[in-house]
Amino acid sequence: MNFVKPLIMASMMAVTATGAHAAAKFTPELLNSLGRVSDAQVSPDGKKVLYGVSTPNIENNNSNRELWVMDINGKNAVQITNSEKSETNAVWFEGGKKIAFAYPNEKGVNQMWVMNADGTDRRCVSNMEKGIEGFVLSPDEKKVIIVSTVKYGETTQDRYPDLKKTDGRIIDDLMYRHWNEWTAEIPHPFVGEFNGSEVTALKDVLEGTQFESPMRPWGGVEQLAWLPDSKSLIYVCRKKTGKEYAISTNSDLYQYDIATGDTKNLTEGMMGYDNNPAVSKSGKIAWLSMEHDGYEADKNRIFMLDGDKKVDLTADWDYSVDFITWSPDEKYIYFICPYQGTMPIFRMNVANRKVEQVAGGQYDYDGLQFAGKDLLITCRHSFLEPNEVYSFKVGKEPVKLSSVTDPIMNTLGDVKCEKMMIPTTDGKMMTTWVLLPPNFDPNKKYPSLLFCEGGPQSPVSQFWSYRWNLRIMAENGYVVFAPNRRGLPGFGTEWNAQISGDYSGQCMKDYLSAADFMKEKPYIDGDHMGAVGASFGGYSVYWLAGNHQKRFACFLSHAGIFDLRAQYCETEELWFVNWDLGGAPWDKNNEVAMRSYREADPKNYVQNWDTPILVVTGENDFRISYSQTMQAFNAARMRGIPARMVLFPSECHWVTKPQNSILWQREYFRWLDQWLKK
C-alpha cells in the first residue's frame, strides 16, 4: 500500500492556546460549565448542520442536551429546542423539512419524536413499553429500526412469585453484569413501518433469542444499517450468552430480510469483532473487522464484500481504524484512526488501496459527513480545545463553524502543547505530549505529572476529556507529560500488541524512561514529580508505587487494578483478562499467565511502597471492582503511608455527574498540591 504524504501538514510541532484578555483560572467549575458539542448531521440539501450541545447543571447535578441548527458556513446558529430533558439521536428527514429524534414522553420513557426543522410541532410517534435507545430511518423513510430492550433470563420473582419484595438475585452463568448494569434487560432491534407521524407494525428482529444487538456496553445505532432498497437491514450481533459470551469477542454482521425474516451471516468464519457496517448508496458493504477471537484491541481492519468474497482493504495498512464512511461517488472510503499521537482523517482509494491524509494537525477528529460532493463536516478537538464543528475540503484547511465553548475558552491563559520524542530502553523513540503551564518560564522550576493512559490500548492522542483533562492540570501549574508507551495504537500493530501478556515489562520501562528524560529538563523540579492515571493507568500507578525507586513524590490512582488474581475472578469481560494476562491464575502450566501474576501484580510489591497515594473508585464499577481500590488504600494505611480514598457510591468506572466531577477535581489538586508544591 502506498501512503501519500498528508495533503495538510501541521507546520509547527507546538501549539499554543492564548486568551485574548486577562486570563481566568481554569477551575473545575468552569470545566463543568462548558457546552459539549456532538453528533453533527448535514441536511439532505447540504445547506444546514444539525448538532447537539449538552450543558451540565452543577446545582441540579445533571446535564441537558439541546439541538441547534446553523447554516453550512457556520452562520445563523439557532437553538431549536428548549426542553426539560435531553434530545438525542437527531436526524433530518423529508428532505430537511423535518427532524426525528429521541426524547422522553410524559411518563419519562424515551420514545421517537418528530418536529419541523425549526423545532415547532413536536410529536411523539412511537409507543414502546420499555422505551427506545435509538433508531435508524430507512433510505425511503417508510420504515425504521428501533432499538429497545427485552427481558433477559428469569427473575427471582418468576421463580418465587410470593417473594415480591425480595431483592436477591439468583445467578447460574457468567455475564450477569456488564460495565455498570446488572444484566436484566438486553437490547434488540425492532423493525416497523413509519408514515412520518406514527411507527407501527414493529417486529423484533431477534425475537425469541437472548442475544443482544447492539452490543453492550458501547454499541449504538452505528451497529445497524439499511440496504438501499429499504427491504433488508444489517445488524451486528455476538450470538452467545453466559460464559461463551464472557470469553469471546466473535461478533458478526447479519443481513435480515424484512418480508421473509430470513437471516444471512455476512461474516461467517471471521472470528474477531465484526462491527459498524457502512453501506454505500449503490449497496456496497464495508465494515470494521478484527482477526482474533478474544482480542478486543486487535487491529481494526476495513473489509468490503465483493460478491461473496470478503476483501481486506487494509492488509498493507499497519494502523487500527476507528470510523469509516463512503464518499458520495464511492471511489473512496474515508476513515479516522490513531496515527502518531493524533486522530486524523484519511481516505483510501478503493480501487488501488492508496491512502492519503486529508485532515490533520495536532488534533483529533470525531465523525464525518458529506455536504455535497466535496465539502465535509466533522467535529474536532485537542488537549487545548473542546469539541466544535468544522468543515473542510480536501487540500484545504478546516474552517471552524461552531463556537459554543469560545466564551469560556477565550478567557483562559496560554497553555503550550509540544511533541517530544523520548528514547526508550530498547532503542526506539516514543512520542510524548508535553503541556506547559500558562506564562511558562523555562528558567523556573515546575512540579510535573506523568500521565499514565488506560485501556491498556487506548491512544494518547489529542483528546479533550472532562474526566482526565490535561489542560486543567497544566493551568494549575504542572508540566504534564503523556507518553505513548508500548501498547498504545497509532504506531503500528507491533507497538500496540507488545503489552499483551507483559503488563510490567516494556510499557513500564517506557514510563520510567519518560520520567528520567523529563527530570533532565532544566525547568522540571525533579523532587516534585507525581504519577497519575485511571484504569490501566491506575494499575500502572500501583505498579510504579512498588518499583519507582524514589522517582515520584506522590501517586494518584483512579479505578486501578491492585490485585491481578482478584481481577481475573471479579471482572465481567473475561476475554480481556484471558488475552491480556495470558490466562487464569490456576493455569499453572501457562508460562505467560504465571509470569503476569508473579511479576506484574502490584500487590506483590506493596512492601516497597513508600510514597503518598490518593485512590479513587466508584461502587458501580463492574469492570474493575471498587474492592481493588479499597485493598490498595488499606494496604497503604497499614504500611503507615499517607493515603486518601475518594469513593463514589453512584459512579462506575468513570465519574460523570457534575458535582461528583467537581469533587474529584478538587480532591485531585488538593492532593497533588499538598505533596508537589510544598
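Taken together, the values in this text are just the output of simple stated rules run on the coordinates, not laboratory data. In this text the structure is predicted, and so the values were computed from the model without any measurement. In this analysis, Cβ positions are derived from the backbone assuming ideal geometry, glycine residues included, and neighbour counts consider all displayed protein chains.
Some points to look at:
- Dipole size of the chain about its Cα centre, with +1 on Lys/Arg Cβ and -1 on Asp/Glu Cβ: approximately 1500 debye, rounded to the nearest 20.
- The distance from the alpha carbon centre of region 393-466 to that of region 166-214 is 41 Å, rounded to a whole number.
- The Cα atoms of region 335-400 give a gyration tensor whose axes a ≥ b ≥ c have a/c of 1.5 or more with a/b no greater than b/c, which makes the shape oblate.
- Exposure proxy ranking for Met594, Met348, Met645, based on other Cβ atoms within 10 angstrom of each Cβ and starting from the fewest, stands as Met594, Met645, Met348.
- Exceeding the 28 Å Cα-Cα cut-off - candidates Lys416/Lys677; Lys143/Lys354; Lys419/Lys509; Lys107/Lys239: Lys143/Lys354; Lys107/Lys239
- Simple label model, 7 Å out from Cα along Cβ direction - Glu591 to Lys164, nm: 6.3 nm
- Sorted ascending by nearby beta carbons within 10 Å, beginning with the fewest, Arg123, Arg216 become Arg123, Arg216.
- Considering helices alone, the calculated mean residue ellipticity of the chain at 222 nm is -4500 deg cm²/dmol, with DSSP H runs of length four and up weighted by -39500 (n - 2.57) and normalised per residue.
- Under the criterion of Cα pairs below 8 Å and six or more residues apart, the relative contact order for region 414-676 equals 17 percent.
- Leading residue at positive end of dipole, the chain (Cβ point charges), from Thr424, Asn61, Ser391: Thr424
- Straight-distance crosslink candidates among aspartates and glutamates, where the alpha carbon sits under 16 Å from Lys396 and sequence neighbours closer than 8 are dropped: Glu356, Asp374
- The angle between the Cα long axis of helix 506-519 and the longest principal axis of the Cα atoms of the chain comes to about 60 degrees, rounded to the nearest 10.
- Three-way shape call for region 426-542 based on the alpha-carbon gyration tensor, with the a/c threshold at 1.5: prolate
- Residue by residue, region 666-678 carries 3J(HN,Hα) couplings of 4, 5, 4, 6, 4, 5, 4, 4, 4, 9, 10, 10, 10 Hz when phi is fed to the Karplus relation 6.51 cos²θ - 1.76 cosθ + 1.60 (θ = phi - 60°); x denotes Gly or Pro.
- Only Lys, Arg, Asp and Glu carry charge here, each on its Cβ (+1 for the first two, -1 for the last two); on that basis region 414-676 has a dipole of about 500 debye about its Cα centre.
- Taking Arg36, Arg301, Arg485 and counting other C-beta atoms within 10 Å, the order from fewest to most: Arg36, Arg301, Arg485
- Zone of Glu570's modelled label, taken as backbone nitrogen in region 597-619 under 20 Å from a point 7 Å along Cα→Cβ: 597-609, 613-619
- Amide H contacts under 5 Å for Gln457, placed H, 5+ residues apart: none
- For region 311-338 and region 61-77, distance of Cα centres in Å: 29 Å
- In percent, rounded to a whole number, the relative contact order of the chain is 12, using alpha-carbon pairs under 8 Å and six or more apart.
- Relative contact order %, region 421-527, counting alpha carbon pairs below 8 Å whose residues are six or more apart: 36 percent
- Phi to ³J(HN,Hα) by Karplus 6.51 cos²θ - 1.76 cosθ + 1.60 over region 431-441, Hz, x for Gly, Pro: 5, 9, 8, 10, 9, 10, x, x, 6, 4, 10
- In this structure the amide hydrogen of Asp274, modeled in the peptide plane, comes within under 5 Å of the amide hydrogens of Ser251, Asp252, Met290, none closer than 5 places in sequence on its chain.
- Residues in region 583-600 carry Karplus couplings, in order, of x, 7, x, 8, 7, 5, 8, 8, 5, 5, 5, 5, 5, 4, 6, 8, 9, 9 Hz; the curve used is 6.51 cos²θ - 1.76 cosθ + 1.60 with θ = phi - 60°, and Gly or Pro positions show x.
- Near the amide H of Trp226, within less than 5 Å, lie the amide hydrogens of Ile234, all on another chain or at least 5 residues away, with H placed in the peptide plane.
- Euclidean distance between Cα centres, region 608-678 to region 250-294, Å: 42 Å
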